[in-house]
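Asker: Below you'll find the structure I mean.
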Amino acid sequence: MIRDMVTAWRALWRRPGLLAVAVLSLAVGIGINVAVFSVTSGALLRPMPYRDPERLAVIWHSFGKAQSLPAIHPMDYRDYKERAQLFEDFTLIGGSETVLEANHDPELVRVANIAANFFPFLGVEPALGRHFTKEEDTPSGPRAIWLGHDIWQRHFGGDPGVTDRSVDLDGTPHQIVGVLPKDFELYLPAEVFFVKRPQIFRPLRIDFARLPPRNFTAWTGLARLKRGVTLTQARQEMEKIGGELKHEVAEFSAGDLRVGLIPFDRDVLKGVRRGLWSLMGAVGFVLLIACGNVARLLLARGFSREGEFRLRAALGAGRLHLARSVLAEGLVISALGSVAGIALAASSLKLLIRMQAAAVPRLETVGLDVTVLAFAIGAALFASLLSALVPALRAAALVHTPGVNADHRLTGSSRRLALQDRLVVAQVALAVMVVAATGFMIQSFRAMSEVSLGFESRGLATMRLALPRLQFPESVRTREFFRELDHRLRALPGVTSMAGANAMPLSGSGSLQPFAYDAETARHWESATADHRRISPGFFKTMGAMLVAGREFEEADEEPTAPRRVIIDTALARRAFPGRAAVGERLQLEPDPASPNAHGEVVGVVSPLSLQSVVGATTPQIYEPGMLRRTRLSLFIRTTGDPKDLVEKARLQIADLAPGIAVQEAQSMDEVVSRTLAPTRLAAALMSTFGLVALLLSGLGIYAALGYAVSQRTHEIGIRMALSEPPSSLRTRVLSQGLRLIGNSLAIGVPVTMLLVASTRVVFYGVRWTNPAAYALAAVLMGLVGLAACWVPARRAARVDPLRALRHD
C-alpha cells in the first residue's frame, strides 16, 4: 500500500490541476468540519470542569405556567439538605454587585454570594489560600473573599502574598483568603439571577431569622447525587419533598409548587446544543459535496485509465491490486486535504473565538486537541473511502474485460456520463439543503434585527454606576447627587434628558413580581408574575418609549411616604383589566392583602419594552419608582449628538461630582443591541459561509461534469459540425444538459430540505419552515451558479474545430 501511495503521488503530481482542485475541495470540507467539531466537542462533548459533573443537577421550582426558574429560597436549601437521602450534598449561590476599592481605584465588580461548601462541592481548589470556613458563612462571622484571577492580576499585580491583605467592598473590610485558578470559569444556566461571570466570591452569611418571604427566590440551588443513584430516583425524591413542602408552606400551596431536577450540563448548554448540532449537520453536507467532487475527479481519471487497467489485468493484476491503486490516490488527496484543512481550522478557530467568545459556553477554551485531531483523521479516512470507493470498484470490475479497448475513440459511454451525472445531482441537492438553511438563518437574523424594541436605541448613551454606601448612607444624599448630576449633564451640548433603572434593557430576566387582579389569582399566589423594574421619573421619555395612557412617575412618587404606584405594560393591562381603562385600577403586589402597601395604584400604561432579550418581552412588566434612592443603577442619557462622544464627558462629570463612584460599561445603547444580536449574527455569518462554499463546490462539480462530457463527446461534436449543425445549437445542447442536472437536483433537494426542517423541528425566529423565500433563494442561487458553470463547457463545445475533432484520439 505504501508503494501504491508513492506511485499515486507521482502520478498525481503530473496532473497538478486535478490535484489542486481535489485537495482544495477536501481542505475546505475537512477544515470547516474540524473547526465546527472543535466547538461542538469543547462545548457539548467535553465534561464540565468540575468533580464528577455527571452527578450534578440544577434545582428548578415551577409554579404552574407563570414561573419556572432555577431559583429557590435559602429555607428551601436548608430543607433539601435535611430531608433528602439520595443526595451527597447541596449548595447555594446568589449574585450582586459591589464597589471594590483597591489601590484607590474603585471598580464595580460582580460578586457571587455562595455557601461555604460551594467550591468543595464543585471540586475546585484555590490557586492560593484556603477554602471558606463554616464560621465565615455565619451572619456574625469574619468577612472573607476569594478573588478571581483577573482581579488578582489587575489590582494586585499577581502578588502571591495577597492572602495576607484586606480590601474594602462598599467601604467594609474583607480578608482575602483565596485566589481562583486561572482557568476557572463558572458555568450556570442562562436563567440564573444576577450571577454573570462573577469576579469575586464571598460566603452567603445567611441569617435564617431575618429572611424575605418564602416566595422571594433569588438564589440558585445545585445538587450532587450519591454514587449509583439514577436521575429518575433523585427526581422522585425531590418531587416527594416538594409535595411535603406544599402542605407546610402557604406560598407553595397557593402557587402549586413543583420541584424539578435538570442535569447540570444539559441545563447550562441547552441554549447552544441544537444550534451546534445543526451547524454540524450543515458542514457534514459540505464535506459530502467535497467528497463528491473528488469522487467525480477520480472517476473521470479512472475512465481515462481504462486501457491501462485492462492491460494490467491482462498481465495478471487482480481486483484488489487495481482497486488499491485508485484508493491510494484517494488517500494521498485526503492526507493533503487534511493537513491543509487542519491549518484552515486552526486559523478559523482563532477568528471565531475573537469574534464571539461569550456566545458559546467554553468557546474560549476550544482548541485542536487529541479528540479533534482524531476526528480530523477519521474525516480524512471517510473522505478518501467515500471519494475513491466508486472509482475503485469500477477499476476492479475491469478484471473481467482484460486487454486494450479498441473502441476508446468512440463517443463517451452513456453509462459513464450517467454515473457522473448522478454524482453531480447528489452534490447539488446537498448544496440546495445548505443554501436553503442559510436562507432561513439570514431571514431569521433580519427579522430579529427589525423587531421593535419598544424604545429608541439611537442617540442613547448608557453606563452602570455604583455609589459607595458609606459615602451615600442615606437616600436623601443619593437623590441630591442625581439632581446635581442631571443638572450638569443637561448643560452638556446635545443632552436632552437623563434617567435611571435598576437594570439594563436586554440584560435577561429581572426580579419576578407576583401580582393578583382577581380572587382566583389572589388565591393562587404566584400563578401570575411580571418582570419587575425600578425606574426614575422621566425614564420612558429618555428611553423613547411610548406611554399609552396615564403619566410617568414624578418626584413625589419617590418619597418613602408616598402611596405605592405602578406603571404596567399593555400586555398586563389587557390581561388584568380587559375592556376597561387600567389607569386608576389597583394591583395586589403582596400575598397578604391586608399588609401595608399590598396594593399598587396603576398610574400609567406603556408599550412593552425589550427588557429581557431583543426578541421582545416574554412576561408582563411592572415598573415602580424608587430608583433614585438606590446606590446601584444603570444610567441612560438621551442626546442629539453621538452617544460615544458623550460617554467620556459624562464620566468626567461623575468623577468631578463624587470621585469614589465606580463607572462601568459606558457605551451607546446601539452597542448593547449589537452585542445582544452577536450570537445570531455569528450563526448567520457561519451559515452564509457554509452556503457559499456549498455553492462554489457544487458549481465546480457541474462545470467539471459538463467539461468531461464535452471532452468525451468531442468526436460526436465534430461529426455534428461537419454535418452543418450550427454552434448555437451545440451550445444550447450542452446548456440544456446542465440545466437538466440542476432541475433534477432542485426536485430532490427542496422536498428533502422541507422534510428535514419539519421533522427536526428547527425553530427560526420570525420564519416558518414553509416560508417559500428560503427555497426560492436556494433555487435562484443554484440556478445562477449552475448557468455560470455550464457556460464555459458550452462555449468550448461550440468552438470545437471539426477537423481536429474528427482526428480526436
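The values are calculated or read from the model by the stated rules, or taken from the named source; none is laboratory data. Since this is a predicted model, take the numbers as computed values, not measurements. Every residue, glycine as well, gets a Cβ built from its backbone with ideal geometry; the counts of neighbours run over all protein chains shown. Surface areas here come from the heavy atoms of the whole protein model, side chains and all, with no ligands, DNA or RNA. Shrake-Rupley method; radii C 1.70, N 1.55, O 1.52, S 1.80 Å.
Asker: State whether the residues of region 745-760 include one that is open to solvent by 40 Å² or more (accessible area, probe 1.4 Å), among the polar types (S, T, N, Q), modelled with pLDDT under 75 and under 25 Å from A447 (Cβ atoms).
Answerer: Yes, some residue in region 745-760 is open to solvent by 40 Å² or more (accessible area, probe 1.4 Å), among the polar types (S, T, N, Q), modelled with pLDDT under 75 and under 25 Å from A447 (Cβ atoms).
Asker: Consider region 241-274. How many of its residues are crowded, with 19+ Cβ neighbours inside 10 Å and of a type in the set (G, A, S)?
Answerer: Here the count works out to 3.
Asker: Shifting gears a bit: When you scan region 266-273, do you find a residue that is basic (K, R), under 30 Å from S140 (Cα atoms) and out of contact with any helix residue (DSSP H, G or I) (no Cβ under 6 Å at 6 or more places or on another chain), even just one?
Answerer: There is no residue in region 266-273 that is basic (K, R), under 30 Å from S140 (Cα atoms) and out of contact with any helix residue (DSSP H, G or I) (no Cβ under 6 Å at 6 or more places or on another chain).
Asker: While we're looking at this one, here's another question. Looking only at region 564-571, decide whether some residue is part of a loop (DSSP other than H, G, I, E, B) and in contact with a Gly (Cβ under 7 Å, 6 or more places away or on another chain).
Answerer: Checked against the condition, which is being part of a loop (DSSP other than H, G, I, E, B) and in contact with a Gly (Cβ under 7 Å, 6 or more places away or on another chain), region 564-571 yields at least one hit.
Asker: Anything in region 174-231 that is open to solvent by 50 Å² or more (accessible area, probe 1.4 Å) and under 23 Å from the mean Cα position of the chain (by Cα)? List them, or say none.
Answerer: Correct list: D183, A190, E191, F194, K196, R197.
Asker: Oh, and also: Can you run down the residue pairs with Cβ atoms below 7 Å, 6 or more apart or on separate chains, where the first is in region 774-792 and on the phi > 0 side of the Ramachandran plot and the partner is open to solvent by 70 Å² or more (accessible area, probe 1.4 Å) and at pLDDT below 80?
Answerer: Listed pairs, sorted by first residue: none to list.
Asker: So, of the residues in region 574-601 that are assigned to a strand (DSSP E or B), open to solvent by less than 80 Å² (accessible area, probe 1.4 Å) and not small (G, A, S), which turns out to be farthest from A519 (Cα to Cα)? First the steps, then the outcome.
Answerer: Taking region 574-601 as the starting set, the residues that turn out to be assigned to a strand (DSSP E or B) are 586-588, 599-601.
Filter again for open to solvent by less than 80 Å² (accessible area, probe 1.4 Å), leaving 587-588, 599-601.
Cutting the leftovers down to not small (G, A, S) gives us 587-588, 599, 601.
Numbers: L587: 12, Q588: 10, H599: 14, E601: 17 Å.
Checking each candidate, the answer is E601.
Asker: Okay, next question. Filter region 782-809 for residues that are open to solvent by 60 Å² or more (accessible area, probe 1.4 Å) and either assigned to a helix (DSSP H, G or I) or modelled with pLDDT of 80 or more (or both) and give the result.
Answerer: Listed by number, the residues that qualify are L784, L787, A788, W791, V792, R795, R796, L803, R804, L806.
Asker: Assess whether G17 counts as being part of a helix (DSSP H, G or I) and open to solvent by less than 20 Å² (accessible area, probe 1.4 Å).
Answerer: Here the answer is no, as G17 does not meet what is asked.
Asker: Just to be sure I understand, how many residues within region 144-158 are surrounded by 15 or more Cβ atoms within 10 Å (Cβ to Cβ) and more than 33 Å from the chain's Cα centre (by Cα)?
Answerer: Total meeting the criteria: 2.
Asker: Let me ask something else about it. Would you check if F472 is farther than 16 Å from M669 by Cβ, touching a helix residue (DSSP H, G or I) at 6+ places or on another chain (Cβ under 7 Å) and aromatic (F, W, Y)?
Answerer: Criteria met by F472.
Asker: Can you spot a residue in region 612-632 that is over 30 Å from F445 (Cβ atoms), open to solvent by 10 Å² or more (accessible area, probe 1.4 Å), more than 34 Å from the chain's Cα centre (by Cα) and among the β-branched types (V, I, T)?
Answerer: No, the conditions are met nowhere in region 612-632.
Yes or no, residue by residue, for (1) surrounded by 18 or more Cβ atoms within 10 Å (Cβ to Cβ); (2) touching a helix residue (DSSP H, G or I) at 6+ places or on another chain (Cβ under 6 Å); (3) small (G, A, S); (4) not in a loop (DSSP other than H, G, I, E, B):
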| position | (1), (2), (3), (4) |
| --- | --- |
| R458 | no, no, no, no |
| R477 | no, no, no, yes |
| F482 | yes, yes, no, yes |
| H487 | no, no, no, yes |
| P493 | no, no, no, no |
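Asker: It is to be established whether one or more residues within region 499-519 are of a type outside the set (A, V, I, L, M, F, W, C), out of contact with any strand residue (DSSP E or B) (no Cβ under 7 Å at 6 or more places or on another chain), modelled with pLDDT of 85 or more and under 29 Å from Q653 (Cβ atoms). Before the answer, list the steps.
Answerer: First, the residues of region 499-519 that are of a type outside the set (A, V, I, L, M, F, W, C): 500, 502, 505, 507-511, 513-514, 517-518.
Narrowing the set further to residues that are out of contact with any strand residue (DSSP E or B) (no Cβ under 7 Å at 6 or more places or on another chain) leaves 505, 507-508, 518.
Within this subset, residues satisfying the condition of being modelled with pLDDT of 85 or more are 518.
Applying the additional criterion that residues be under 29 Å from Q653 (Cβ atoms) yields none.
So far as region 499-519 goes, no, none of its residues is of a type outside the set (A, V, I, L, M, F, W, C), out of contact with any strand residue (DSSP E or B) (no Cβ under 7 Å at 6 or more places or on another chain), modelled with pLDDT of 85 or more and under 29 Å from Q653 (Cβ atoms).
Asker: Still on this structure, I have one more. Kindly evaluate R464 against the criterion of being touching an Asp or Glu at 6+ places or on another chain (Cβ under 7 Å), open to solvent by 10 Å² or more (accessible area, probe 1.4 Å), modelled with pLDDT of 85 or more and part of a strand (DSSP E or B).
Answerer: yes
Asker: Can you go through E364, E308 and tell me which one is under 27 Å from the mean Cα position of the chain (by Cα), open to solvent by 60 Å² or more (accessible area, probe 1.4 Å) and either modelled with pLDDT under 80 or not aliphatic (A, V, I, L, M) (or both)?
Answerer: Residue meeting the stated conditions: E364.
Asker: Right, here's the next one. Considering only region 42-83, state which residues are open to solvent by less than 10 Å² (accessible area, probe 1.4 Å) and part of a helix (DSSP H, G or I).
Answerer: G42, A43, P74, D76, Y80 - these are the residues of region 42-83 that are open to solvent by less than 10 Å² (accessible area, probe 1.4 Å) and part of a helix (DSSP H, G or I).
Asker: Name the residue, out of R210, R214, that is of a type in the set (D, E, K, R) and within 30 Å of P106 (Cβ to Cβ). Working first, answer last.
Answerer: Values: R214 fails: within 30 Å of P106 (Cβ to Cβ).
One residue alone meets the criteria, R210.
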